[in-house]
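Remarks on the structure that follows.
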Amino acid sequence: MAILVFDMGGSAVKYGVWTGSELTEKGKFVTPKTWAAMKRHLKEVQDNVKDNSTMKIEGVGISAPGAVNAEERQINGISAIPYIHGFDIFSELEALFQLPVAIENDANCAGLAEFYQGAGKGFEQAAFVVIGTGVGGTLINQGQLIRGAHLYGGEFGLMILDQGKTFSQLGTAVQMAWRYCDRMGIDRETITGEEVFARSESGDPIAAEEVDNFYRYLAQGLFSIQFAFDPEVIIIGGGVSAKEGLLAEIEGRLSVMLAAQGLNDFKPLIKLCDYRNDANLVGAAANFTAQS
């Protein structure tokens, strides 16, 4: 079964066709400024796929920002694409494509991709933590998303870590870079997280402090997730997952924290994501399949 998949982002919409084992027909377009323009672009992609592919498309899977409420058939909350919220978007898209449509939150899609096809394959319970500008994620139990009573399941970024500040405000490389820039008295857009890591390795003491703070907050957040939800595995996604030495640093700090609490009956299993740029597309296909 071939599934047409879209990943709606604030700056670009990616797309492809999931064949059951791989993504084909991949491409992207700039995120339109209106809903009418978005629908026009989505339809153009479908028509192009029909013209250029021998596979029959059985349905459409979409990864989107916001709190997706499948029962109410709308996307609640707010996001970088404001016009997708607050109406029956499912029905409009089904009418547009003349096919069944499944929509899921983008972080949940990334988690589903890892659970079914990536680093979480073979586990029953998993937490997927996406580290970008902030922290997002999802919880999965026996293949089902744990959404929570108010659709905030997996919103790890809202956990308070230190003096009223959240995981999202403290535990990301982007926030680390911003703290460094603030301390140096320079514009926050001047230095990236990657550059702060490099400066730390070159002996910059302020960069070294902020790198240490980043790892400390990240380890604290993961420790709390482990003992609040007790998943078999915690999978880390987002750009920082490509940082060399990240896993060893986290594991070392978690070991110290476990020892400090007298916990020695198990060691949390932390893995890095397998999928990166295509995670949301693969997860949109996985969600469509699960809903079929």
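Here are a few things to note about the model shown:
- Counted by Cβ distance under 14 Å from residue 26, the other residues give a net charge of -1, where Lys and Arg count +1 and Asp and Glu count -1.
- For segment 175-205 versus segment 123-155, the gap between their alpha-carbon centres in whole angstrom: 30
- Reachable lysines, given that their alpha-carbon falls under 22 Å from the alpha-carbon of residue 121 and they are not under 8 places away in the same chain: 267, 271
- C-alpha long axis of helix 205-229 to longest principal axis of the chain, angle in °: 60
- Close amide-amide hydrogen proximity is noted between residue 274 and 119, each under 5 Å apart and 5 or more residues distant or on a separate chain (H modeled in the peptide plane; Pro and chain starts excluded).
- Global geometry of segment 162-292, whether rounded, prolate or oblate, following the gyration tensor of its Cα atoms and the 1.5 cut on a/c: oblate
- Bridgeable aspartates and glutamates around residue 33 (alpha carbons under 18 Å apart, same-chain partners fewer than 8 residues away excluded): 7, 44, 92.
- Computing Cα extents along the principal axes in Å for the structure here picks out one of (i) 57, 46, 34; (ii) 67, 56, 42; (iii) 64, 57, 38, namely (i).
- When each of the peptides 59-72, 187-200 is scored by how many other beta carbons lie within 10 Å of its residues on average, the order from highest to lowest is 59-72, 187-200.
- Formal net charge of residues neighbouring residue 96 (Cβ-Cβ distance under 13 Å; K, R +1; D, E -1): -2
- Span from the segment 39-109 Cα centroid across to the segment 237-268 one, whole angstrom: 37
- Taking a sphere under 10 Å around the Cβ of residue 170 and counting the other residues whose Cβ falls inside, with K and R at +1 and D and E at -1, yields a net charge of +2.
- Peptides 265-276, 208-219 ordered by packing proxy, namely the average of other Cβ atoms within 10 Å per residue, highest first: 208-219, 265-276.
- Sequence-separation-based contact order of the chain, relative, with Cα cut under 8 Å and 6+ spacing, percent: 20
- Of the peptides 155-161, 132-138, the order by per-residue mean of other Cβ atoms within 10 Å, starting with the highest, comes out as 132-138, 155-161.
- The string of couplings for segment 39-56 from the Karplus curve (6.51, -1.76, 1.60, θ = phi - 60°) is 4, 4, 5, 4, 5, 4, 5, 4, 5, 5, 5, 4, 6, 10, 10, 8, 7, 8 Hz, one whole number per residue in order, with x for Gly and Pro.
- Counting only alpha carbon atoms, the long axis of helix 246-260 and the longest principal axis of the chain meet at about 60°.
Quick note: the coordinates plus some simple rules give every number you see, no bench work behind them. Note that the structure is a prediction, hence the values are computed from the model and not measured. In this analysis, Cβ positions are derived from the backbone assuming ideal geometry, glycine residues included, and neighbour counts consider all displayed protein chains.
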